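Before any comments, here is the structure.
The values are calculated or read from the model by the stated rules, or taken from the named source; none is laboratory data. Model, not experiment: these values are computed from the prediction. Cβ placement follows ideal geometry from the backbone for every residue including glycine, while neighbour counts extend to all protein chains displayed.
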């Protein structure tokens, strides 16, 4: 066993599991007495090795010349209570800000414990929703691929958007998180630019100490932005268009790392999506900004990314296609089998997964 390794069976065996047999992280690790970088990390290597360690040991798994690309999007308190035209209680998830001050929003039913359920058909609650603080949302048209729960909407607000949202919104959470947590629990150390409906959670285990140790060992970091929309946790739909920005300095550093024989490791599926959007057929990354509709699949493959830090995704999640494109099916299957057997925690407050094929 490697000096880094922590036996898989050391995790608490009594943790509750969901219908798929996975352990759900229903609270931040801080609530269990762990620092952010104290969550577990399973490292899967191309030679078949699986190492069980803690995220704080990430610097031991990387080498000088590796480049970590991180998403600096910050999480919005994107869930807002609303009232429908006939008095129905509705929860609005503000998913994606569109040109012309339009929004793509998700409509949901309130459920016990302050969470929500899919989905409310906008035709039953529209055409205008009353939002807190005298704001309104006018439902314009359903999004063609949203199964009735995603709508184009125009918001009328009494004050600037971020001021209003921080006054009345709260972080999006699903049924596996039974109590509310402050917005700070949904931010990463890289968060700079507000815009994501849900946390780019692959980066949550990073601490300032881990970042400092990485840099001191010659591992570089480069930023980009991709604002995430709602994850469609229950429906497991493919990702829809999202806004991104890859700066010229990041594009250059990716290309330089590749040319020097270093590995480009994406911190999260959002980073993979952004980088692969601006990579040409030869894997050269170009600066770019706009909207990406790219869906990364094993058939399409990856061109700019050599490795990935991510969380643990539901067995039906569309993100698994992207993970398979990076790691291959065999290594991914072995990782997930080990994670289930070892009681790794799933979802945004859960444990971490490093793929180094």
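Taken residue by residue, the stretch 239-261 has no member that is part of a loop (DSSP other than H, G, I, E, B), at pLDDT 95 or above, within 21 Å of residue 352 (Cα to Cα) and in contact with a strand residue (DSSP E or B) (Cβ under 9 Å, 6 or more places away or on another chain).
Give the number of residues within the stretch 317-331 that are closer than 24 Å to residue 26 by Cα and touching a helix residue (DSSP H, G or I) at 6+ places or on another chain (Cβ under 7 Å). Lay out the reasoning, then the answer.
Taking the stretch 317-331 and keeping what is closer than 24 Å to residue 26 by Cα, we get 317-320, 323.
Imposing the further condition that a residue be touching a helix residue (DSSP H, G or I) at 6+ places or on another chain (Cβ under 7 Å) reduces the set to 319, 323.
Number of matching residues: 2.
A quick yes/no check of all residues on (1) surrounded by 14 or more Cβ atoms within 10 Å (Cβ to Cβ); (2) within 30 Å of residue 275 (Cβ to Cβ); (3) at pLDDT below 95:
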position: 6; (1), (2), (3): yes, no, yes
position: 9; (1), (2), (3): no, no, yes
position: 21; (1), (2), (3): no, no, yes
position: 31; (1), (2), (3): no, no, no
position: 55; (1), (2), (3): yes, yes, no
position: 64; (1), (2), (3): no, yes, no
position: 73; (1), (2), (3): yes, yes, no
position: 89; (1), (2), (3): no, no, yes
position: 93; (1), (2), (3): yes, yes, no
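Hey, does the stretch 99-109 have a residue that's part of a helix (DSSP H, G or I) and under 30 Å from residue 253 (Cβ atoms)? Let's see the steps before the verdict.
Start the filter on the stretch 99-109 by keeping residues that are part of a helix (DSSP H, G or I), which leaves 99-101.
Add one more test, that the residue is under 30 Å from residue 253 (Cβ atoms), and what stays is 99.
Yes: the stretch 99-109 contains one or more residues that are part of a helix (DSSP H, G or I) and under 30 Å from residue 253 (Cβ atoms).
Filtered by the rule that a residue be more than 14 Å from residue 61 (Cα to Cα) and either modelled with pLDDT under 95 or in contact with a helix residue (DSSP H, G or I) (Cβ under 6 Å, 6 or more places away or on another chain) (or both), the stretch 196-213 gives 199, 200, 205, 207.
Out of curiosity, is residue 235 within 26 Å of residue 314 (Cβ to Cβ), out of contact with any strand residue (DSSP E or B) (no Cβ under 8 Å at 6 or more places or on another chain) and either at pLDDT 95 or above or surrounded by fewer than 19 Cβ atoms within 10 Å (Cβ to Cβ) (or both)?
Working: within 26 Å of residue 314 (Cβ to Cβ): yes; out of contact with any strand residue (DSSP E or B) (no Cβ under 8 Å at 6 or more places or on another chain): yes; either at pLDDT 95 or above or surrounded by fewer than 19 Cβ atoms within 10 Å (Cβ to Cβ) (or both): yes.
Criteria met by residue 235.
The residues listed here are 150, 162, 155; of these, the one that is closer than 20 Å to residue 72 by Cβ, assigned by TED's automatic domain parsing to the domain that holds residue 100 and touching a residue at least 24 places away in the same chain (Cβ under 8 Å) is 162. Exactly one condition in (1) outside any loop (DSSP other than H, G, I, E, B); (2) surrounded by fewer than 17 Cβ atoms within 10 Å (Cβ to Cβ) is not met by residue 178; state its number. Residue 178 satisfies all of (1) outside any loop (DSSP other than H, G, I, E, B); (2) surrounded by fewer than 17 Cβ atoms within 10 Å (Cβ to Cβ) except (1).
Scanning the stretch 110-152 for residues that are closer than 17 Å to residue 231 by Cα, in contact with a strand residue (DSSP E or B) (Cβ under 6 Å, 6 or more places away or on another chain) and loosely packed, with under 15 Cβ neighbours inside 10 Å yields a single hit, 117.
If a residue must be assigned to a loop (DSSP other than H, G, I, E, B) and surrounded by 18 or more Cβ atoms within 10 Å (Cβ to Cβ), how many such residues does the stretch 153-173 contain? Spell out how you get there, then give the answer.
First pass over the stretch 153-173, keeping only residues assigned to a loop (DSSP other than H, G, I, E, B): 157-160, 169, 171-173.
Now restrict to residues that are surrounded by 18 or more Cβ atoms within 10 Å (Cβ to Cβ): 169, 171-173.
Selection size over the stretch 153-173: 4.
Just to be sure before I move on: is residue 216 surrounded by fewer than 23 Cβ atoms within 10 Å (Cβ to Cβ) and modelled with pLDDT under 95 in the structure I sent? So residue 216 does not fit the description; no.
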